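The structure appears right after this line, and notes come after that.
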Amino acid sequence: MLTNQNFAPFWERNRVLIKGFMVGFLILIMLIPSALVSELVRERKARHEEIVKEVSSKWAGNQTVTGPVLIVPYKDYEKTSDGKINEHIRTAYLLPEELRINGHMQPLEKKRSLYSVLLYRSDITLSGKFKIASLQNLQIPQESIMWQDARIALNVTDVRGIEDQVQMEWNGAKQLLDAGVPNNQLLKEGLSASVAVLPQTTPSFTINISLKGSENLYFIPVGKITEMDMAADWGSPAFDGAYLPATSDITQKTFNAHWKILPLSRTYPQYWKDNGQDLDKAAFGVKLIQPVDGYSKTDRSVKYALLFIALTFTFFFFLEILQKRMVHPLQYILVGMALTIFYTLLLSISEYTGFNIAYVIASVATVSLISLYVWSMFKNGKTAFSFAFSLSALYGFIYILIRSEDYALLFGSIGLFVIIAIMMYYSRKIDWYGARQIPANIES
């Protein structure tokens, strides 16, 4: 059996190594509460998304406007094997020769409990013209085309978002669009109106629609040449979909964007008959983004929990050795818990004040708490101040990484290099082999 005399020299010779392994083990243990905090962030974010869906379902969802499309029925005759001739009603589709879209979005933020839901109202004008002569390329006999039943159709994803009667001016004549579309394979639901169409004409149209929705407003470029100008009193747009704007002007409070789409960049023709076409892949438009997404930023900050805990514990380890004052493992755990509670403070406060203010409050509270604890352990004001300064710098460094998404890797790599360099510099003074006298309060 080993005696105290046999064990003491082993502990004295390897006390730094043993304590280092212990600190490393404590760092791994502290990953458990960090993972629980990360799960809490995801839970709160999911709750926010549920609120958004609930409010959007009662207002109107994401909107995609398709059209206008001219739908022209025609008669097709089929001769059977017994000599009979069957008549079928089929459909020809014609897209505008020109389409110009002018829109203005007015964002609205609705509050539900702690959460903010981004909605919008919009005023949209669609104008352009059709080239009716293009239908001749479909090789349909003129006498078979049912011109009197031609209708112009417009598809809106969520018709609940239509706030007023949709007015159309067709070749100078004003009329209203009715709910529903004729039976076809292209537009399943939406609005339509009967229009007067004659061969070899180029009728013009103007459609005004007041539309509300949630976050997204997209359009399908059905014109042979489609141009769109979109503006909004919102400084955080995301231009999304198959096409990006040719020009855009974004300020803190507004944006203006212009698109021009040519037929060569589309995958569907200008006219066809019978079968449908997949137009949805060509959708483009604007997504309004919340300027501050506290949950995403909090989730990103939680990912740095390991860095916080590892560096803080390492700093404690260095202080313990350099100042020859033993720090109990329970004290390491208490400090680790304080670092973890920072994220719960950040999450809960950000739901009321926003991320930036919450980050300042949570970091000041955490730095103050741990610094006072360091002062109580080491009874040294200089040590406590140095620790407070270092921890504050670390919180500031992480905040910069969270704010600078594009340069986070570069800044993070440089920052970690500097931190490691500083730790290597101060580690020169550590008695790694335990050759110096150990603290007097350790039993021999």
> If you scan region 377-391, which residues turn out to be buried (at least 18 other Cβ atoms within 10 Å of the Cβ) and either among the charged types (D, E, K, R) or closer than 16 Å to Ile309 by Cβ (or both)?
Replying inline: Phe387, Leu391
>> Only one of Lys260, Lys324, Lys281 is in contact with a strand residue (DSSP E or B) (Cβ under 7 Å, 6 or more places away or on another chain) and in contact (Cβ under 8 Å) with a residue 24 or more places away in the chain. Can you tell me which?
In response: Lys260
>> Report every pair of residues separated by at least 6 positions or lying on different chains whose Cβ atoms are under 7 Å apart, first residue within region 385-413 and modelled with pLDDT under 80, second aromatic (Phe, Trp, Tyr) and surrounded by 12 or more Cβ atoms within 10 Å (Cβ to Cβ).
In response: Ser404/Phe411
>> Taking the conditions exactly as written (within 29 Å of the chain's Cα centre (by Cα), surrounded by 14 or more Cβ atoms within 10 Å (Cβ to Cβ), closer than 30 Å to His88 by Cα and modelled with pLDDT under 95), does Val181 satisfy them or not?
In response: no
>> Which residue is modelled with the lowest pLDDT, if the candidates are limited to region 112-123 and must be in contact with a strand residue (DSSP E or B) (Cβ under 8 Å, 6 or more places away or on another chain) and surrounded by fewer than 22 Cβ atoms within 10 Å (Cβ to Cβ)?
In response: Ser116
> Taking into account only those residues within region 65-111 that are among the small types (Gly, Ala, Ser) and in contact (Cβ under 8 Å) with a residue 12 or more places away in the chain, which is surrounded by the most Cβ atoms within 10 Å (Cβ to Cβ)?
Replying inline: Gly67
>> If a residue counts only when it is in contact with a Leu (Cβ under 9 Å, 6 or more places away or on another chain) and among the aromatic types (Phe, Trp, Tyr), which strands (runs of 3 or more DSSP E) contained entirely in region 219-320 have at least 2 such residues?
In response: 271-273
>> For region 180-194, check the following and say yes or no: at least one residue is farther than 18 Å from Gly67 by Cβ and among the charged types (D, E, K, R).
In response: no
>> For region 124-158, which positions are under 30 Å from Ser236 (Cβ atoms) and buried (at least 16 other Cβ atoms within 10 Å of the Cβ)?
In response: Ile124, Leu126, Ser127, Leu154, Asn155, Val156, Thr157, Asp158
> Of the residues that make up region 244-258, is at least one surrounded by 19 or more Cβ atoms within 10 Å (Cβ to Cβ) and within 30 Å of Ala133 (Cα to Cα)?
Replying inline: no
> When the residues of region 107-138 are filtered to those that are among the polar types (S, T, N, Q) and over 18 Å from Leu70 (Cβ atoms), which remaining residue is nearest to the chain's Cα centre (by Cα)?
Replying inline: Ser116
> So which of Leu394, Leu369 ends up being crowded, with 17+ Cβ neighbours inside 10 Å and assigned by TED's automatic domain parsing to the domain that holds Leu322?
Replying inline: Leu394
> Restricting the search to region 161-185, which residues are touching a residue at least 40 places away in the same chain (Cβ under 8 Å) and within 26 Å of Ser56 (Cβ to Cβ)?
Replying inline: Gly161, Ile162, Glu163, Asp164, Val166, Val181
> When you scan region 263-279, how many residues do you find that are aliphatic (A, V, I, L, M) and surrounded by fewer than 17 Cβ atoms within 10 Å (Cβ to Cβ)?
Replying inline: 1
> Picking from Asp280, Asp274, Asp233, Asp240, which residue would you name as being within 30 Å of Glu43 (Cα to Cα) and either over 19 Å from the mean Cα position of the chain (by Cα) or of a type in the set (Asp, Glu) (or both)?
Replying inline: Asp240
> Here are some residues: Gln165, Gln200, Gln175. Which one is more than 32 Å from the chain's Cα centre (by Cα), assigned to a loop (DSSP other than H, G, I, E, B) and more than 20 Å from Gln270 (Cα to Cα)?
Replying inline: Gln165
> Quick one: would you say Thr91 is in the same structural domain as Lys253 (by TED's automatic domain parsing), of a type in the set (Val, Ile, Thr) and at pLDDT 85 or above?
Replying inline: yes
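The values are calculated or read from the model by the stated rules, or taken from the named source; none is laboratory data. On a predicted model such as this, the values are computed, not experimentally measured, just so you know. Here Cβ is always computed from backbone atoms with ideal geometry, including for glycine, and neighbour counts include all displayed protein chains.
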